[in-house]
1. Hey, could you check segment B:246-263 for residues that are within 10 Å of B:Pro160 (Cα to Cα) and touching a residue at least 12 places away in the same chain (Cβ under 8 Å) and say which is surrounded by the fewest Cβ atoms within 10 Å (Cβ to Cβ)?
2. Of the conditions (1) over 20 Å from A:Gly129 (Cα atoms); (2) at pLDDT below 95, A:Ala342 satisfies every one except a single condition; which number is it?
3. Can you name every residue in segment D:25-49 that is in contact (Cβ under 8 Å) with a residue 40 or more places away in the chain and either closer than 17 Å to D:Gly320 by Cβ or in a strand (DSSP E or B) (or both)?
4. Out of the residues in segment B:20-48 that are polar (S, T, N, Q) and within 23 Å of the chain's Cα centre (by Cα), which is nearest to the other protein chains (Cβ to nearest Cβ)?
5. Consider C:Lys300 against the criteria (1) touching a Lys or Arg at 6+ places or on another chain (Cβ under 9 Å); (2) without any contact (Cβ under 8 Å) to a residue 40 or more places away in the chain: it satisfies all of them except one. Which criterion is unmet?
6. Kindly indicate the residue of segment A:318-343 that is polar (S, T, N, Q) and part of a loop (DSSP other than H, G, I, E, B) and also surrounded by the fewest Cβ atoms within 10 Å (Cβ to Cβ) among those meeting that condition.
7. Identify the residue in segment C:53-91 that is part of a helix (DSSP H, G or I) and of a type in the set (A, V, I, L, M) and, among all such residues, is farthest from the chain's Cα centre (by Cα).
8. For segment A:165-185: of the residues being in contact with a Ser or Thr (Cβ under 9 Å, 6 or more places away or on another chain) and over 30 Å from C:Ser199 (Cα atoms), which is farthest from the other protein chains (Cβ to nearest Cβ)?
Protein chains: 4
Amino acid sequence: MLKVAILGGSGYTGSELLRLLLSHPQAKITAVTSERLAGSHVSDVFLNIRGTGLVYEPLKPENLIKKADLFFLCLPHKTSQEAASFFYNSGKKVIDLSADYRLKSAAVYEKWYETPHKFKSLLKKAVYGLPEIYRSEIENASLIANPGCYPTGAILGLAPIIGTNLAEIDSIIIDSKSGVSGAGRNPALPFMFSEANESVKAYAIASHRHTPEIEQELSLMSKKKLNIIFTPHIMPMDRGILSTIYVRLGNSASLSTIQNMYRNFYKSAPFVRVLKNGIYPITKAVKGSNYCDISVFLDKRQSNHNTLIIVTAIDNLLKGASGQAVQNMNIMHGFEETAGLASLSPSP
Amino acid sequence: MLKVAILGGSGYTGSELLRLLLSHPQAKITAVTSERLAGSHVSDVFLNIRGTGLVYEPLKPENLIKKADLFFLCLPHKTSQEAASFFYNSGKKVIDLSADYRLKSAAVYEKWYETPHKFKSLLKKAVYGLPEIYRSEIENASLIANPGCYPTGAILGLAPIIGTNLAEIDSIIIDSKSGVSGAGRNPALPFMFSEANESVKAYAIASHRHTPEIEQELSLMSKKKLNIIFTPHIMPMDRGILSTIYVRLGNSASLSTIQNMYRNFYKSAPFVRVLKNGIYPITKAVKGSNYCDISVFLDKRQSNHNTLIIVTAIDNLLKGASGQAVQNMNIMHGFEETAGLASLSPSP
Amino acid sequence: MLKVAILGGSGYTGSELLRLLLSHPQAKITAVTSERLAGSHVSDVFLNIRGTGLVYEPLKPENLIKKADLFFLCLPHKTSQEAASFFYNSGKKVIDLSADYRLKSAAVYEKWYETPHKFKSLLKKAVYGLPEIYRSEIENASLIANPGCYPTGAILGLAPIIGTNLAEIDSIIIDSKSGVSGAGRNPALPFMFSEANESVKAYAIASHRHTPEIEQELSLMSKKKLNIIFTPHIMPMDRGILSTIYVRLGNSASLSTIQNMYRNFYKSAPFVRVLKNGIYPITKAVKGSNYCDISVFLDKRQSNHNTLIIVTAIDNLLKGASGQAVQNMNIMHGFEETAGLASLSPSP
Amino acid sequence: MLKVAILGGSGYTGSELLRLLLSHPQAKITAVTSERLAGSHVSDVFLNIRGTGLVYEPLKPENLIKKADLFFLCLPHKTSQEAASFFYNSGKKVIDLSADYRLKSAAVYEKWYETPHKFKSLLKKAVYGLPEIYRSEIENASLIANPGCYPTGAILGLAPIIGTNLAEIDSIIIDSKSGVSGAGRNPALPFMFSEANESVKAYAIASHRHTPEIEQELSLMSKKKLNIIFTPHIMPMDRGILSTIYVRLGNSASLSTIQNMYRNFYKSAPFVRVLKNGIYPITKAVKGSNYCDISVFLDKRQSNHNTLIIVTAIDNLLKGASGQAVQNMNIMHGFEETAGLASLSPSP
């Protein structure tokens, strides 16, 4: 059994990691940290977590180092920088769920996160943990930068088309709709039930921190630096992100040709499903699972261009965070890619 | 007191008209129809409706003709065609909440609604009932085609910019998010609580019937025939439509210039509010009211063009249907435009 | 126009008072206070509030005293004690929405609220502001203790039966289900969307502070000191309280006899509706309104006793708080009891 | 691998059985039926179900008989009578999720379900499939009557106390709050999103069909025929039942004594957890799992009696239906009781 530690286990990505890893056939949680909750039983904090005697401990790297071989970091960005460096340099495997090692350019990181990056050389070692794109790099990685929730849905939706001659890369608009759990577990007025329920709003237009992450990956795929328009929305449900993505096509192609490109691109990806023609992804069908559903549509009603409309659905806490982290662990350690992740979404 | 009748009072637009008109200072409901519910007391069918002895009656035009001077039609499209014609030709005022008289072109109507239009000449007499655009025509109209819910939010968002030299009119993308009440009151699996709750989905991509309605009005404003990309979504809340609208700008303009254009455009519109810079519309702040909140944002991150992002929020059953119908009635009859419509949205 | 001030206008009872009073035909808001929000425009804090230039000011009694004739106190309990005393002693009318003047016994108050009562003599002057019970006292009152949300639904459900020889007064169980807005507007983990959504829980069993308030009023009505069993629950909706109340009957009576007692009891109460036989109250039909719906049922399946089951539905922020406060104002000042409160609940 | 068939796979209990059994280590689904959906792929009907080629077939017993060794019946009551008899008499194991074999008395069944029971002798062979009570009978059973959702939560809450000398058995009141999925998957107005959302209501007071089922089991445990008061409520969430149960105590006992009785009673039940003193069950912590959380409270405020208040939480579709059915299968076939059921509830 692989010994794993979860650093920062008081939030939703931490609690979902706890849940997933407690029933993982090849991993065993040996430590979970929280400064605020140190001394508390995990199952007293999260009533859904049962059958474990795990107790929160403070994050003391020197105590933790011997306890585990793989460290999941569910720490705030900036805090994660140093922890990742410490465990990486101690020869441990690290999967960082924060944003600290996602952006290859320290300058871009420092601009968007408004804090210095103190481990610039380590940025080069980090592998962006999107298995459908970087599976072979992940196999050999020691430091995984686990993708953001919005980027996961957006990049998976665009990857099959972005590097082709079809996509007009300066035309990409990503309109994403997220459940409230994406805002985390710290109490704040906008995410109170009475404020968030029965409402939808856009936020962070042209300024969301996931923007440069999406742009970095799409630029790599298209081999040209590009910018996107990204509008996140918050809506009254616990989980799920639906991304509706608009791309103009510079060359004509039939919908079935494009659907085949998508099916082919993901033919060996166990967690991505390209839906049948005309079927719309629904977040409820991926909720509680590590799956990503994708469907593509073609709007040919404009006189001077066709537009591809791609819709993707993920669970923001699973494929968009903790599930993907476990998927990365599986690939890093040669486990079955779906180990511990086979749960289907309940209905309803 | 103006005597009004509601034809088709068993659905949500009918029940909201009932609610609004029961407390209107200058109107009195004299009849409400429903074939299925004929003989039932309105307040037994809708427990929220109180203090009235109104009883449903079947829709017999010859009986109804003497009972009222204004007829609100909440009938299915196609059924509404004939009813509107009958009451119009009898010299009555008609506000039709169906789609039957919204499209000026019978051919476009017949294509999208897949049914013949039997009263083509009457199409010319109908006024599209969006008061912020057609107030003076509404004052003199006898037949109002009350706008669809999505078109109301979309057109109000684009009206101030569409006729200027700023908007690239072939670039318009409208991504709308609607509460479930937009689907009406007929039981159907996708709108069951257990299916629609905790989920979001897109639907009718490139094929929603509100598309030609939006295109007609924007084409008139821009004086060029245009097509839009329109993607509706259904999300788990009772009411509200948030529309996120993307338009490329062909000429550069500052955000504050554009905001001023919007404020100026709506300066005498009592139900439209252009929010302060940086404030996002939220559907919860318009729910239960006839207001439309609008905010504009500018994304200048693309190398070759700027994009205006307009966000509008309305209550789909009020400004998007029954509230707007009452607003039209007020204008047609010289009442205060806000009469019976002054309610603010509750919080929360 | 009656000049009114709202002290403590940053929470939901305050914002609902703002909304109701802004459209009240005989009242005018002349001041609204909040220490934290002092200087902010009300309509910037609550996006639903429009058409007013009101600005929050700090609570300085000496400044406020000249501005208004009636003071609504939406302050935390304990803070309200002194404010009520000050304005009352200055000859002003006071409607206190806190718990500070609801309990006639200072000892009971001090036990349940764990704080001293510093104005014991004023307790005697306060009138419990439940108009269906104390209308004539309210007409002449200067200090109204506006009832709690749970007590309103519970007492209205029991008032017609409690003083009769039918009810076994030691058998009363009140099982109440409340929307989340009852928890107020201060951020706290249990009321975050991601925690409260898709869940229901009981809380404060045998220890909720509304217990002695219900007991006081029922004891007065039954002329015997009694204790109740009261279990509040929190459930995932914005507003509404459904109370399911169980009372054993010591003497037999038919359901229709009891229904008639209820109808007779409330025959002149404009906001209470006793539903037809077999019809269940639903909170959605009172949401956004000042109404209370009541229905009674009789379970005769036990061998040795019959049980009356009473179900009541109110909107916790309106009939359970701010709406009732306006109703009290109307009665105190000889306005129409329903002035400013005639809105029906929307559907859906 | 045990070959199992699901008869009636178009509803929620059927789809949850599909989901659970597809990943069960010792069972293999060999057939699933639906008249209406015959010929459709399961994964086209339920988008959450993936990775299976299962296709619905019509319910033809003679075709099915060879395909499986265990038959799960998710058929409507009445229809299930005959199917259970057929497969039972063919020597197969049957787990019937309908109500047809739950009531030992055909007369009681016929009264409450208003239909004749045509297989009265088979009633005697059926075992009530509540493993925490009837584990040893289930081990040897060939026909399991899988309990109703409300009875599961109610009986588990009362079992430890009902047979003692503490409970006054004529005083039991069960006030249950259920998510909407309990109403099934057939479209009907009251369960439409726009009707059920943002609302709570009681229904079927003194007349719900789960009443005699609860009474039968409690009577057996207490060895006296008893009647209960049972009030179900429907509330706006997908899943979960919280039952708040009131029982007068005829003898005094401390809370900790009673808590110990509960812990002892369930000490070998893998799916029942008695919570720590003062901790309230929340349905969200059992949603998506087969667990039942229980907590007990003591109200000693009445002068003449103490009341035990028991709160239980289950997922109505899992421990209340399909999960329990799988648990029964496990016990019948000597599998690990938790096989295929170990999933914890996600958070949030």
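1. Checking each candidate, the answer is B:Met261.
2. Result: A:Ala342 fails condition (1) only.
3. Taking segment D:25-49 as the starting set, the residues that turn out to be in contact (Cβ under 8 Å) with a residue 40 or more places away in the chain are D:25-27.
Hit for segment D:25-49 is D:Ala27, nothing else.
4. Restricting to residues being polar (S, T, N, Q) and within 23 Å of the chain's Cα centre (by Cα), the top hit is B:Asn48.
5. (1)
6. If we filter segment A:318-343 for residues that are polar (S, T, N, Q), which is where we start, we get A:322, A:324, A:327-328, A:330, A:338, A:343.
Of the ones still in play, those that are also part of a loop (DSSP other than H, G, I, E, B) are A:338, A:343.
On the way: A:Thr338: 15, A:Ser343: 20.
If we take residues in segment A:318-343 being polar (S, T, N, Q) and part of a loop (DSSP other than H, G, I, E, B), then A:Thr338 is surrounded by the fewest Cβ atoms within 10 Å (Cβ to Cβ).
7. C:Leu64
8. Taking the candidates together, the pick is A:Leu166.
The values are calculated or read from the model by the stated rules, or taken from the named source; none is laboratory data. Quick caveat: nothing in here was measured; it's all calculated off a predicted structure. All Cβ positions, glycine included, derive from the backbone under ideal geometry; neighbour counts span all protein chains shown.
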